[in-house]
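Below: the structure, in structure tokens.
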Amino acid sequence: MNLNDFKALVEQHGPVVRDGGDWRGRCPAHTDDGNRGDLTFRQGDDGRIVLHCWHGCTAQSVVTALGLKWSDLFSENGHSRPRAAQEPKKQPRIYPTYHGAVEAVAARLGGSYVRDWTYHSVDGDEVMYIVRFTDPRSEDGKRFVALSPAPGGGIMDCAPPAPRPLYNLPALLADSSSPVFVVEGEKCSDAGRKIGLLTTTSVFGSGSADKADWSPLAGRDCIILPDHDGPGEKYAEKVAGILLSLTPPASVKIVRLPGLSVKGDLADYVEQSEVEDVESIRANILSLAAETPVTQPPQKVTKPPVEIQNAEEPTRKLALFDAATWFDSEPPPADQILGNMFDRGDKVAIIGASKCQKSFFLLQAALCLAAGRDFLGWSVPKRRKVVLIQMEIQAHHFWRRGLRMAKALEITRENLEGWLYVGNGRGLSLAGAAGAEQIRNVVLDHAPDLICLDPLYKLTEGKENASEDMKTTLA
């Protein structure tokens, strides 16, 4: 199979664009909400198709989703073609002027120019232009094309080779003391600049963070404002890892803007803010950043921790017993948290539709269990030490909510002191293994009988409704 045939298959799943020396399209092996797609591919020196999904899909899963066999990535006889038989690498088109290039691309797409953004080198020279067009053939009606100055003059319809400069680089270099706000996309970066923030982004969206030159941010205070969706979270985590690996490492915070709809971003936050004053909007973001702890670099684990067993209690193994013994003895007593509902050591998920008061249900349960009060008709055999970590609303709102509910239940300060501990995790990165370890380190010092985590989706790196992802979270 040649590159054109493979490209035609990928185009059946969405638009395909040039990305430096590669092609980029939508990966057929997963749902791709990005504008540019997560799948990059090219023809290797040996003639085979080389592909990579930046979302994490295996090459085999991509090939299968395209209806191909692994051998199809090679020449027709199943072997790599000799180097001499390769098709010549397609050369970028060169236009005499920038405007001529824009007009030619618009005509090729059958769309029209919308706007553009300019990237600069460390010397201040213009090295790349990202141009947005309308595109009637794409699902979202838009297309982004990279143009760059050609050697000897003119404009090429391709991006310069990686690593590529950050957006707004001259401002980053001119101001070395202000915190840098990292967003996803040039539009968001411009929105941040309008309210007085020093912002930047990397070109080509969430799938190409590692193709940018982040070195100008070494040792800087960096605040990442992720888009409110899965790709946005992955971009934030990827960029955080890159920044923490710089020499010297950057100081990194991941701040999640409140009130965003799905796929919402900084530009939406600024546009939809309850206050119109630019100074107030910026102050709100800076306040959120000040409340957010610094992201710690992941700890390297050389080997899994060893669970030490009590010498008098050997590791439990599967064994069978005669059910007739049920009639001759009593079972061990149950340490019930809620009578006839669940015991100490169980894992319980509260599941329900949005806005059906799950958080209020959990808060009232925590108050009643800590105070030793029966809860909504369930008996509470004895009071319990409870830790409640909420990750949904701001700390001052949760404070007021909890106090109002305690007073309504006639629960006093003395009823709760030393029995209920609250952690406010809103705005913190508590997902995945690193987040679980952070929670574990805080919680175990209090030796609670019950740990309440709300909401569950804030803890998972996968999908809330996928059983495999939830198994990992609960474990």
Per the filter on the stretch 122-152, residues open to solvent by 60 Å² or more (accessible area, probe 1.4 Å), touching a residue at least 12 places away in the same chain (Cβ under 8 Å) and under 17 Å from residue 101 (Cα atoms) are 126, 132
Among the residues in the stretch 114-121, are any open to solvent by less than 90 Å² (accessible area, probe 1.4 Å), in a loop (DSSP other than H, G, I, E, B), modelled with pLDDT of 90 or more and more than 30 Å from residue 170 (Cβ to Cβ)? no
Subset of the stretch 313-334, residues at pLDDT 80 or above and among the charged types (D, E, K, R), comes to 322
Kindly indicate whether any position in the stretch 372-384 is out of contact with any helix residue (DSSP H, G or I) (no Cβ under 9 Å at 6 or more places or on another chain) and among the hydrophobic types (A, V, I, L, M, F, W, C). no
Listed by first then second residue, the pairs whose first member lies in the stretch 49-65 and is closer than 21 Å to residue 230 by Cβ and assigned to a loop (DSSP other than H, G, I, E, B), whose partner is open to solvent by 40 Å² or more (accessible area, probe 1.4 Å) and among the charged types (D, E, K, R), with beta carbons under 8 Å and at least 6 positions apart or on separate chains, are 55/234
Being open to solvent by less than 40 Å² (accessible area, probe 1.4 Å), out of contact with any strand residue (DSSP E or B) (no Cβ under 6 Å at 6 or more places or on another chain) and within 17 Å of residue 292 (Cα to Cα) narrows 246, 257 down to just 257
Answer yes if at least one residue in the stretch 396-409 is in contact (Cβ under 8 Å) with a residue 24 or more places away in the chain, open to solvent by less than 60 Å² (accessible area, probe 1.4 Å) and part of a loop (DSSP other than H, G, I, E, B), and no otherwise.
yes
Taking the stretch 5-14 and the residues there that are at pLDDT 85 or above and not acidic (Asp, Glu), the one that is surrounded by the fewest Cβ atoms within 10 Å (Cβ to Cβ) would be 8
Selection from the stretch 410-433 of residues open to solvent by 60 Å² or more (accessible area, probe 1.4 Å) and either over 36 Å from the mean Cα position of the chain (by Cα) or hydroxyl-bearing (Ser, Thr, Tyr) (or both) yields 410, 412, 413, 414, 417, 421
With criteria (1) outside any helix (DSSP H, G or I); (2) open to solvent by 70 Å² or more (accessible area, probe 1.4 Å); (3) of a type outside the set (A, V, I, L, M), residue 279 comes up short on (1)
Query raised in the report: Quick check: anything in the stretch 154-162 of a type in the set (A, V, I, L, M), part of a loop (DSSP other than H, G, I, E, B), out of contact with any strand residue (DSSP E or B) (no Cβ under 9 Å at 6 or more places or on another chain) and surrounded by 12 or more Cβ atoms within 10 Å (Cβ to Cβ)?
Result: no
Output for Cβ contacts, cut-off 9 Å, separation at least six or different chains, first residue under 15 Å from residue 443 (Cβ atoms) in the stretch 367-391, second among the aliphatic types (A, V, I, L, M) and open to solvent by 80 Å² or more (accessible area, probe 1.4 Å), reads 386/451; 387/442; 387/451; 388/451; 389/442; 389/451
If we ask which residues in the stretch 217-237 are part of a helix (DSSP H, G or I), open to solvent by 30 Å² or more (accessible area, probe 1.4 Å) and farther than 20 Å from residue 187 by Cα, their number turns out to be 1
The residue that is most open to solvent (accessible area, probe 1.4 Å), considering only those in the stretch 38-68 that are modelled with pLDDT under 80 and out of contact with any strand residue (DSSP E or B) (no Cβ under 9 Å at 6 or more places or on another chain), is 45
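The values are calculated or read from the model by the stated rules, or taken from the named source; none is laboratory data. Since the structure is predicted, the reported quantities are computational estimates derived from the model, not experimental observations. Don't worry about glycine lacking a Cβ; one is built from the backbone with ideal geometry, like all the others, and counts go over all protein chains shown. With ligands, DNA and RNA removed, areas are computed over all heavy atoms of the protein, side chains included. Shrake-Rupley method; radii C 1.70, N 1.55, O 1.52, S 1.80 Å.
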